[in-house]
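*Asks:* Please read through the structure below; I'll follow up with questions.
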Amino acid sequence: MALSTASNFSKPDDAFRAIVEAHRGLSDEQSADLDAMLVLVLANHIGDLAVLHEAIALAKRRMLDASPQQQQQQ
């Protein structure tokens, strides 16, 4: 199975909103814990170690690429 980076949601904004709403009312620590648990649940759902490695690498690249942009905006 290859990593799919195209949206698989018919309503991607609703999916994003659901994730944001799940964090509402949580402390920063609880929010981080929710993110970690969600990652583990979804990684298990994927069930493919090669795809998981690919997703981790992509997420790291995107995070590092966004970091300089975020610093410039501050």
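*Asks:* Among 42, 34, which is touching a helix residue (DSSP H, G or I) at 6+ places or on another chain (Cβ under 8 Å) and surrounded by 11 or more Cβ atoms within 10 Å (Cβ to Cβ)?
*Replies:* Details: 42 fails: touching a helix residue (DSSP H, G or I) at 6+ places or on another chain (Cβ under 8 Å).
Exactly one residue qualifies, and that residue is 34.
*Asks:* Tally time: how many residues in the range 6-21 are within 17 Å of residue 42 (Cβ to Cβ) and either open to solvent by 100 Å² or more (accessible area, probe 1.4 Å) or touching a Leu at 6+ places or on another chain (Cβ under 7 Å) (or both)?
*Replies:* Number satisfying all stated conditions: 3.
*Asks:* When you check residue 24 against the structure, is it at negative phi, surrounded by fewer than 10 Cβ atoms within 10 Å (Cβ to Cβ) and of a type in the set (Lys, Arg), yes or no? Give the steps one after another, and end with the answer.
*Replies:* On the way: at negative phi: yes; surrounded by fewer than 10 Cβ atoms within 10 Å (Cβ to Cβ): yes; of a type in the set (Lys, Arg): yes.
For residue 24, the condition - at negative phi, surrounded by fewer than 10 Cβ atoms within 10 Å (Cβ to Cβ) and of a type in the set (Lys, Arg) - is met.
*Asks:* If I ask for residues that are in a helix (DSSP H, G or I), of a type in the set (Asp, Glu) and surrounded by 12 or more Cβ atoms within 10 Å (Cβ to Cβ), which ones from the range 45-67 would you list?
*Replies:* Passing the criteria: only 54.
The values are calculated or read from the model by the stated rules, or taken from the named source; none is laboratory data. The shown structure was predicted, so the numbers you read here are calculated from the model rather than taken from an experiment. Using ideal geometry, Cβ is built from the backbone for each residue, glycine included, and neighbour counts are taken over all protein chains shown. The protein model used for the area step is the full one, side chains on, heavy atoms only, and it has no ligands, DNA or RNA in it. Shrake-Rupley method; radii C 1.70, N 1.55, O 1.52, S 1.80 Å.
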